[in-house]
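> I have a structure here, written as structure tokens, and I will follow up with some questions on it.
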Amino acid sequence: MSQHRFVIVGGGLVGLGSAYRLQQAFPDASVTVLEKEPGVCRHQSGHNSGVLHCGLYYKPGSLKARMAVTGIRQMVAFCQEHDIPHDVCGKLVVATTEEEVSRLKDLHQRGAQNGLEGLVWMDRAQFREIEPHAGGIAALRVPQEGIVDYPAVADTLARLIQSRNGRVVLNAKVTALRQNPTGWVAETTAGEFHSTFLINCAGLHSDLIAQLTGQPRQVRIVPFRGEYYKLRRERQNLVRHLIYPVPDPKFPFLGVHYTRMIHGGVECGPNAVLAFRREGYKKTDINLPELWDALTFPGLWRFLARYPRMCFDEMRRSFSKQLFCASLQRLVPEITIDDLEEGGAGVRAQAMNPSGDLVQDFHFVHGPHALHVVNAPSPGATSSLAIGQEITSKVTAAL
Ligand SMILES: Cc1cc2nc3c(=O)[nH]c(=O)nc-3n(C[C@H](O)[C@H](O)[C@H](O)COP(=O)(O)OP(=O)(O)OC[C@H]3O[C@@H](n4cnc5c(N)ncnc54)[C@H](O)[C@@H]3O)c2cc1C
């Protein structure tokens, strides 16, 4: 029997992907996932766009680029093996101005550098054969991208982990972490759990969990809410697959887009609004201690001072359906305000450093007998099995 006892905090896709990969590498180890909610996948992993990203956007050589490229292959293979609904339908990134055309050309190059095959540059007549209602002047077709049922991926991972004698303990909120000579003891609302190695995949709370082990909070999680509308049924024919804008390279957010969902319907969004609560899915959600924590972080003020316009515009668009609709019309001009129905929301766990920079890449912090995943935003869901593999090799090296 292996002496390794791995405890993973967080039952989102990154925590579950890590537990799954650790079990593959250490078949005799004890693997326990601790999740504070009554089910897995209740936060970012279950409140996202459901898109399989293939590595178009990310800086060549970055972890995001590497793990999106390998991650999408692993995720598609996993879905095929376990019969999880998915569809590699491809997407269009649409440029609507000459300036965007130039940025789209850069993206095209970046995608090629990241090893993506089959990217096709299209003029208006060509891309309108694929998406007849798309506006714009040029587009890049990305054939590898697709859509998937991420909650089904999470449920399958949880089932597989448990079938190999791993544990997924629900309603187990980690409230304290105590070091002992062999590792960490996690104190939770479901009792104590002993580990020889702790892996922190707590998403929106990952900086706070790291702090419980004595790590300084050099980078902090800043929550950015992403709100969606849905296209009403009669107008869903306006979007066949995925239609994305050319993103602003300053921000790690992709801009509001159209996503055909794996179980039907078309989602429009998400925007990126600073949230007043880490799990603040509604505009009115405020958590005073969390808000105070954010407001006393100099990084946030520096960010606000650097991008006042962006933050203000996002806030206005959040409250104005008309402005939201105007952003969507750039991609599909025929959309009208009456076509949009209220949709859901998700909150991104985005790490920010004290200088006010958003941490662009996936980010891990090592501690004694511990590894903290401090930044795993999009494409973290697509990449979750690849991140699990990366974590497994980091843990193996640290043992
Ligand atoms: C609006 C939006 C759209 C996105 N779209 C996409 C997309 O289309 N494609 C893509 O690849 N990625 C997308 N992403 C990113 C993707 O969802 C995340 O990268 C991924 O889900 C991160 O997974 P995670 O396991 O790190 O975090 P989470 O899913 O948030 O899981 C963290 C878990 O930790 C638990 N936890 C926290 N604190 C504690 C504690 N004290 N004790 C026990 N448990 C705790 C939480 O309850 C939670 O379940 C999107 C994200 C958002 C928000």
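Rule-based calculations on the coordinates, nothing more; no lab input. Computed from a predicted structure; not experimentally measured. Counting neighbours? That spans all protein chains shown, and the Cβs are built from the backbone with ideal geometry, glycine included.
> Hey, what angle do you get for helix 321-331 against the long axis of the chain, alpha-carbon based, 0 to 90 degrees rounded to 10?
70 degrees
> Still on this structure, please answer the following. Helix-only mean residue ellipticity at 222 nm, the chain, DSSP H runs n ≥ 4 weighted -39,500 (n - 2.57), per residue, nearest 500. What is it?
-10500 deg cm²/dmol
> Then there is this: Tell me the angle of helix 98-113 to the major Cα principal axis of the chain, expressed in degrees between 0 and 90 and rounded to the nearest ten.
Long axis of 98-113 versus the principal axis of the chain: about 40 degrees.
> I've got another one for you. Applying the Karplus parametrisation 6.51 cos²θ - 1.76 cosθ + 1.60 with θ = phi - 60° to the phi angles of the stretch 273-281, what ³J(HN,Hα) value in whole Hz is obtained for each residue in order, glycine and proline being reported as x?
Here the 3J(HN,Hα) series is 10, 4, 9, 8, 7, 5, 10, x, 7 Hz.
> The stretch 203-233 to the stretch 333-364: how many Å between their Cα centroids?
The two parts, judged by their Cα centres, are 11 Å apart.
> Another question, then. Give me the tail of P(r) for the chain as a percent: Cα-Cα pairs with distance above 39 Å.
16 percent
> Note down the magnitude of the dipole of the stretch 220-379 about its Cα centre, charges +1 on Lys and Arg C-beta and -1 on Asp and Glu C-beta and zero elsewhere, to the nearest 20 debye.
The dipole magnitude comes to about 140 debye.
> Any idea what the relative contact order of the stretch 76-228 is, in percent, if you count C-alpha pairs under 8 Å spaced at least 6 apart?
Relative CO of the stretch 76-228 lands at 18 percent.
> Using alpha-carbon pairs under 8 Å, 6+ residues apart, how would you state the relative contact order of the chain in percent?
For the chain, the relative contact order is 24 percent.
> Averaging over every viewing direction, what projected area does the convex hull of the Cα atoms of the stretch 302-358 cover, in nm²?
Projected area, direction-averaged: 5.0 nm².
> Considering only C-alpha atoms, what is the centroid distance from the stretch 82-128 to the stretch 1-71, in Å?
27 Å
> Note down the magnitude of the dipole of the chain about its Cα centre, charges +1 on Lys and Arg C-beta and -1 on Asp and Glu C-beta and zero elsewhere, to the nearest 20 debye.
540 debye
> Put +1 on the Cβ of each Lys and Arg and -1 on the Cβ of each Asp and Glu in the chain; which of Ala351, Leu323, His82 then has its Cα farthest toward the positive end of the dipole?
Going by the charge dipole, the pick is Ala351.
> Taking the 0 to 90 degree range and rounding to the nearest ten, how far is the long axis of helix 63-82 tilted relative to the main principal axis of the chain, both from C-alpha atoms?
90 degrees
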